[in-house]
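The values are calculated or read from the model by the stated rules, or taken from the named source; none is laboratory data. Model, not experiment: these values are computed from the prediction. All Cβ positions, even for glycine, are placed from backbone atoms using ideal geometry, and neighbour counts span all protein chains on display. In case anyone asks, the SASA skips ligands and DNA or RNA and just uses the protein heavy atoms, side chains included. Shrake-Rupley method; radii C 1.70, N 1.55, O 1.52, S 1.80 Å.
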Amino acid sequence: MSVTRIADHGLLADGHSAALVDRDGSVNWWCPARFDSPAVFGRLLDNDAGHWSIRPEGDFTTDRAYLTDSLVLRTVFTTATGAVAVTDGLALEPGARGHQVGRQSPRVLARVVQGLSGEVRLRSHFRPRFEYGRVIPRLDRQDGAVVATAGATRLSLRADTPHSIGTGEAAASFTLRAGERRGFTVGYGPAYGADPLVRLDAADAVDDAVDGWRSWLHLHDYQGLYRDEVRRNALVLAGMTYQPSGAVVAAASMGLPEELGGERNYDYRYVWVRDFSFTLEALWRSACGDEVGRQFRWLARSLGVVQDGVVPIMYGVEGERDLTEHRLDHLGGFADSRPVLLGNDAWRQRQSDVLGETLCAAWLMREHLDPMEPETRQLLRGMTERAARDWRLPDAGMWEERDVERHHLSSKVQCWTALDRAVRFGDRLGTPAETARWAAARDEVRQAVLTEGFDDRAGAFTGTMGGADLDASALLMPLAGFLPADDPRMRSTIRAIEERLAHDGLLRRWDTDPAGFVICSFWLVACLALAGERDRAGQLFERLAGRSNDLGLLAEQIDPVTGEARGNFPQAFSHIGLINAAGGLTDLDAGRDVLPPAPSRLIPAGGPRNAGPHR
C-alpha cells in the first residue's frame, strides 16, 4: 500500500517526537530520537521507506477518535466476522504529570489490540527502514524481542504474538476474539548506548499516556468561545512541543507538498521565531501562561547576543543554528512530489517581521514576564534596536521567498510593531532617551507604510511597498494594531483580499498560491470581526474549523476545490490560527481590548494619535 491522503493520519506525541498513523492502522512516520531526527518509518514519503501496520487481513471499515483529552488514538476496525480496536500511543515517562509530561519520555511506541465482537484475523507487519529509508536493518531475536539494528539505531519489537523474521521485516498473523487483548511495543535507542532499551507493558504505557495528557490539559482551562476546539488544538500544540527545551516545531512532518508534483516540499520540523510568537499568543489564549517564561528563555538562549548580520529566524529544537538543506533523492516523495528536502535553507534569510512578532508576544505576556529576566530583556532590546536600524532594508518576507529580497509591507509593519511595543514597555526595556528614539523610528516606519504601502489601483495595501499585487499578510495590520480594521483603507484591503484571494472560505497568500493557507483564513476571520462583521466572522470560523480531518488536525494548506490537505501535517501555524481567532472572537464579544493604549508618558514622539486602541 502507498499513502494516498495526508489527512488520513493521526498524530501521536511524547514530548520529544511524533508519529503519524493512518486510518488503516499503519504507522507511516516516526522519528523517535526527536522531531528532526532521521525517520525509522517513512512510508509517508516513499512506499519503501518503512512502516509498522496492525490491521485486519480482510476487508474492513474504520472509525477512530482520540481518547478524551489525550493524544492516544483508538481505531475500531469492523469486518464481516467481528470488530477490534487498536489503541496507539507514544509512551510518556511513567507517572509524569502536568508540566513534567514529555520531559523524559522513554521513546516507546505502544499499541494495544482488543477484540470487541466476533473474531477477527489480523496481521502485524513490522518493516523498519533507517536514515529516511536508506538503510535496511538486520533483524534478530534477543531476549524475547525482535531487535532491528543498523548504523547508529536500534529498535526492539516486543509483542504478545510471536513474529516471524524475514529480510528487513517481521510479521505475525493472529486471531482475536471478543474480550481478548494483545499488546505490542517498539522501543528506540542508540546502537551503542550503554543502557538497555526501555521495556514497558503496552497496556500500562497507553493508560499512563492518557492520564499524562489529561493532567496537562486540565491545567489549561480555557473558558471562551469554541471551548472544545480550542482545548483540542492546544493539546496538539503541546504534542508538537519538544518538552526538554519548550520549543514548538512548525510541523510534525517534512517533505509533504504544497502542490502535488511540485517542488516546494520543505522540511518543517524546526522552530521558527514567527511561529514561536504566534504560539505564545495561542498558549496565552488557551490558558497556558506557565509556558511563557520557558519559551522566552529558550529563544534568548538560542539567539545569543543580537549583533551585526542577519537575526536568525529559525532553529533546531535545542537551538541549533545550521539547518543546511539538501535533497533526499532516494525518496519518491508523497504522490511523486520531488525533491524531498531535508533541512531548510530559510535559516539563512533575513525576515524582519520576526522582530515585531517577538516584541508583540512579549507585550501580550508582560504580566508573565514581570520581573523580566536579564536574558529576556537583552533579547527584546536587541530586537528593538535591529528594527530601528534595519527597517529600511529589503528581506525575504514572511513567506520566505527564495529569489531576491524585496521591501515587504508585512516586514515594515512588524518593524513598527517591535518599536511600538518597546515604547509601551518604557523603562522596563530602555532609558527615556532610548524610548524617545524608538518612538521616533516607529512613527517614521508608520508614515512610510501609509505613504508607500497602499496602491490606489488595487484599492488595498499590497504585498510590497510600491507594488500592486495583493498579499494576505496585509491582514496582520489590524491584528498588530497598526490600523483599525474599520479604517477605510483597511476595509478596502480586507474586501479586495477576500474577493480576489479567497475561494469557498479558504484564503490564498497570493493569486498564484496553489491552495488556501489555513492561518491566513483565520486572520480573515479576525479582521472581519474587528471591522464589525461579527456574524460573518463566526460563520467563516466554523466553516474553517470544519475543514480539519476527523481528528481535528489541520495541514498547512487545503485545496479549496477538492478539500484535500496540502503541505506538512499537522501544521502548528494552522492550529495557532484557530486558537487565536477563537480567542479574538471571545474578546470582541466580551468587550475586551487585548492591546490597550500605552500611557502617554511612553509615547514621546508622535503623540497618542498613533497609539490608540486599534484592536
State whether the residues of region 165-186 include one that is open to solvent by 70 Å² or more (accessible area, probe 1.4 Å) and free of Cβ contacts under 8 Å to residues at least 60 places away in the same chain.
yes
For region 306-318, give me each residue that is in a loop (DSSP other than H, G, I, E, B) and in contact with a Phe, Trp or Tyr (Cβ under 7 Å, 6 or more places away or on another chain).
Pro312, Ile313, Gly316, Val317
Against the conditions (1) surrounded by fewer than 19 Cβ atoms within 10 Å (Cβ to Cβ); (2) within 24 Å of Met372 (Cα to Cα); (3) not β-branched (Val, Ile, Thr), where does Pro339 fall short? Just the number, please.
(2)
Suppose the filter is over 22 Å from Val206 (Cα atoms), among the acidic types (Asp, Glu) and out of contact with any Lys or Arg (no Cβ under 6 Å at 6 or more places or on another chain); does Glu119 pass it?
no
Give the residue, chosen from Arg457, Arg495, Arg508, that is surrounded by 15 or more Cβ atoms within 10 Å (Cβ to Cβ) and among the basic types (Lys, Arg).
Arg508
How many residues, within region 81-103, are open to solvent by 50 Å² or more (accessible area, probe 1.4 Å) and either closer than 30 Å to Gly118 by Cβ or free of Cβ contacts under 8 Å to residues at least 12 places away in the same chain (or both)?
2
Suppose we keep only residues that are over 27 Å from Pro244 (Cα atoms) and outside any loop (DSSP other than H, G, I, E, B) within region 327-352. Which one would you say is farthest from the chain's Cα centre (by Cα)?
Asp336
Here is a list: Ala468, Ala485. Which entry is modelled with pLDDT of 95 or more, in contact with a Pro (Cβ under 9 Å, 6 or more places away or on another chain), more than 25 Å from Gln571 (Cα to Cα) and not in a helix (DSSP H, G or I)?
Ala485
Looking at Gly538, is it closer than 15 Å to Gly505 by Cβ, under 19 Å from the mean Cα position of the chain (by Cα) and either outside any loop (DSSP other than H, G, I, E, B) or free of Cβ contacts under 8 Å to residues at least 40 places away in the same chain (or both)?
no
Residue ID - farthest from Leu551 (Cα to Cα), chosen from residues in region 55-105 that are assigned to a strand (DSSP E or B) and of a type in the set (S, T, N, Q):
Thr78
Only one residue in Arg437, Arg421, Arg402, Arg386 is under 18 Å from Leu299 (Cβ atoms) and open to solvent by 10 Å² or more (accessible area, probe 1.4 Å). Which one?
Arg386
